[in-house]
Amino acid sequence: MPEGDAVYRTAARLRGALDGHVLTRSDFRVPKHATADLTGRAVITTASRGKHLLTRVEGDLTVHSHLRMDGSWQVMPVGRRTAPGDQVRLILANQTWQAVGVRLGMVDLVRTADEARLVGHLGPDLLGPDWDPGEAVRRLRAAPDRTIGEALLDQRNLAGIGTIYRAETLFLRGVWPWKKVGEIEDLNGLVTLTRRLMGANKGHAGTVTTGDRRPANQTWVYGRAGRPCRRCGTRISRGEMGAGPQERLILWCAGCQPR
Ligand SMILES: [Zn+2]
């Protein structure tokens, strides 16, 4: 699932293709907005908020999209066809570029003034200009009996984190994923590290938390179940946690992250 850094890059690509240009085509292939037509309106900009994308269009309109599990926005010259079988949900095009939303998990069209209905519940955005670690910690602390692993994925606490950054951050802080939030002393250090890791990857594809960009060396625990810990040699454990259907995967080192 794309995490905050991938969504951040997607927003940048959409800005490069659409900002300031009048739409010559809009094609909503979702039942709720099948008749919507944004043709003739200029795109103002696209912002990312956690894992959400907000494409603002002239006339107080915002197209909201979410990549969910495997969605993507593909930017290509007008006229080029998408791959056969791609489930296109939305196309926004100007005279030069088309942005094609494939397998988007959510597509909404709302008044820009009403964006808060869609993203107002989110905690501080890890990559946002208004990132506020104190507020993220305050929200986490409000439920001290939750496991830190579950609390970190709750986008109402902090927005943008998914299973990769969760696993990597907890490893680097030496925190057992099932530890209770209230038992962790330095939550500020934990969320600040998450932001630093994600921020380091926002400019390029791939998730590197080790500082080593070679494909086999990029992460400490994620994707490394059963392999020896890079620090202590213990085999990396793999499990599931929480109630969400898609975000349960957790990897950890029992040596570096003891109960
Ligand atoms: Zn270890």
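The values are calculated or read from the model by the stated rules, or taken from the named source; none is laboratory data. Small disclaimer: the values here were computed from a predicted structure and weren't measured. Cβ atoms come from the backbone with ideal geometry, glycine included; neighbour counts cover every protein chain shown. Surface accessibility is based on the protein's heavy atoms, side chains included, excluding ligands, DNA and RNA. Shrake-Rupley method; radii C 1.70, N 1.55, O 1.52, S 1.80 Å.
Show that you can apply the helix-only estimate: for the chain, add -39,500 (n - 2.57) for every DSSP H stretch of four or more residues, divide by all residues, and state [θ] at 222 nm to the nearest 500.
On the way: 6 runs with 60 residues, N = 259.
Counting only the DSSP helices, I get -7000 deg cm²/dmol.
So, taking all protein chains as they sit and a 1.4 Å probe, how much accessible area belongs to Tyr8, in Å² rounded to tens?
Counting only protein heavy atoms, Tyr8 exposes about 60 Å² to solvent.
For the chain, state the average projected area of the convex hull of the C-alpha atoms over all orientations, rounded to one decimal in nm².
Its Cα hull, projected and averaged over all orientations, spans 14.5 nm².
Taking only protein heavy atoms into account and a 1.4 Å probe, give the accessible area per residue of region 25-78 in Å².
Ligands and nucleic acids excluded, the result is 42 Å² per residue.
Region 176-214: which trypsin sites (Lys or Arg not before Pro) are DSSP loop and have at most 11 other beta-carbon atoms within 10 angstrom? Walk me through the numbers before you get to the answer.
On the way: sites: Lys179, Lys180, Arg195, Arg196, Lys202, Arg213; in loops: Lys179, Lys202, Arg213.
Loop-located and lightly packed - Arg213.
With all protein chains present, how much of the accessible area of the chain (probe radius 1.4 Å) comes from carbon and sulfur, to the nearest whole percent?
48
So which DSSP H runs in the chain come out at 24 Å plus along the axis (Cα) with average Kyte-Doolittle of at least 1.6? All intermediate terms of the calculation are to be shown ahead of the outcome.
Details: long enough: none.
In the chain, no H run is both long and hydrophobic enough.
I need the GluC sites (Glu not before Pro) found in region 120-185, filtered to DSSP loop residues with at most 12 other beta carbons within 10 Å of theirs.
The qualifying sites are Glu185.
Could you work out how far the C-alpha centroid of region 143-188 sits from that of region 213-243, in angstrom?
Using only Cα atoms, the two centres lie 17 Å from each other.
Using the heavy atoms of the protein chains and a 1.4 angstrom probe, tell me the accessible area per residue for region 102-259 in square angstrom.
Dividing the accessible area of region 102-259 by its residue count gives 48 Å².
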